[in-house]
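Comments concern the structure below.
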Amino acid sequence: MTRFVATFLFVFVFAGADRAAAEFYRYIDKSGREHFVDKISSVPDEYRSQVTAGEGLAQEAGQASVSLPFTDPIAWFKAETLGSSPDVKVAEWTSSQGSSVPVRQLEVSPQPKTSVDAKLGKTFLRFDGRNDYMTSDSIATAIRAAKAVTAVYVVRTDRDSPQFVWSVHAVDKFTDVIRAGFLNLSRGRLKAGEQPLDYLDSSTIQAGKLSVYTAIFEEDRSRLFFNGRQVLSKAPQKPVDFKKAATFTIGQEWDKGKPSDYFRGEMAELVIFGRALPEEERRSLEKELMERYSINIEED
């Protein structure tokens, strides 16, 4: 039988008390970083010769079962890991904490670019609002095992119209699970569940200024915090079904299988947890990020 090159592992993904089975390929890059991806096509060609599999694959995989580090947080993306040079197209952005899975954009045209804020001395990832976005099915797999999700993101935008910073969709890339972005420059926007018009809009914010946002999605309630101040708390029309999560995207949301509502702005960091952060932990993380980027804390 012809043998193909790849490692095929049955991986148990943990998030909270739930456990879900998933299939992953494993490889180690030139820097020694271990990666887990859920499609053989996601393994770069240069690494596919690391290990082999063929007959007896299921038995071998069963013996080689491992636990992905999808724990706490699921992933933490930091633009500072992309270097300090501006206008560099980014094909892969790898989590620096939690799991080592990346978000990717293999096509050159939709790749976001780095930008540098000279005043802050910080690197950002700039999305052009026209076609830039990055995806990860692996992160969606972890979300699928959760009963709640918290995303903390440091961003700013100059677009005064609806857009989404990040999103999670079902396998059809049409059915919404959760997403977060802006209605305009003065309102944040969340979408929880698959009801077509179930948009949740915040009270007044200043989206044009670099700020820390915390979106907490539970099955029966969604909340948004702006620089530590709660600006939204509302129940969706129907409970959120996290088990439908199949695709995680930064930079846009999917509409009938096509990218739409692109984010135009800059992102410094994005942290994803497979649980609802309690108040004390949320405030501590928000404070850490606001101090890092010289952002004023807003009182409730």
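The values are calculated or read from the model by the stated rules, or taken from the named source; none is laboratory data. Owing to the predicted nature of the structure, the values given are computational and were not obtained by experimental measurement. All Cβ positions, glycine included, derive from the backbone under ideal geometry; neighbour counts span all protein chains shown.
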**Message:** Condition first: touching a helix residue (DSSP H, G or I) at 6+ places or on another chain (Cβ under 7 Å) and buried (at least 19 other Cβ atoms within 10 Å of the Cβ). Now tell me which residues in the range 226-245 satisfy that.
**Reply:** N227, G228, F242, A245
**Prompt:** Out of the range 151-182, which residues are of a type in the set (G, A, S) and either under 15 Å from M134 (Cβ atoms) or crowded, with 18+ Cβ neighbours inside 10 Å (or both)?
**Reply:** A151, S167, A170, A180, G181
**Asked** Can you list the strands (runs of 3 or more DSSP E) found entirely within the range 206-272 that contain at least 2 residues being closer than 17 Å to V177 by Cβ and in the same structural domain as A140 (by TED's automatic domain parsing)?
**Response** 211-218, 222-226, 247-250, 253-255, 258-260
**Prompt:** List pairs: first in the range 272-285 and in contact (Cβ under 8 Å) with a residue 12 or more places away in the chain and under 15 Å from I297 (Cα atoms), second surrounded by 13 or more Cβ atoms within 10 Å (Cβ to Cβ) and among the polar types (S, T, N, Q), Cβ under 6 Å, 6+ apart or cross-chain?
**Reply:** R282/T214
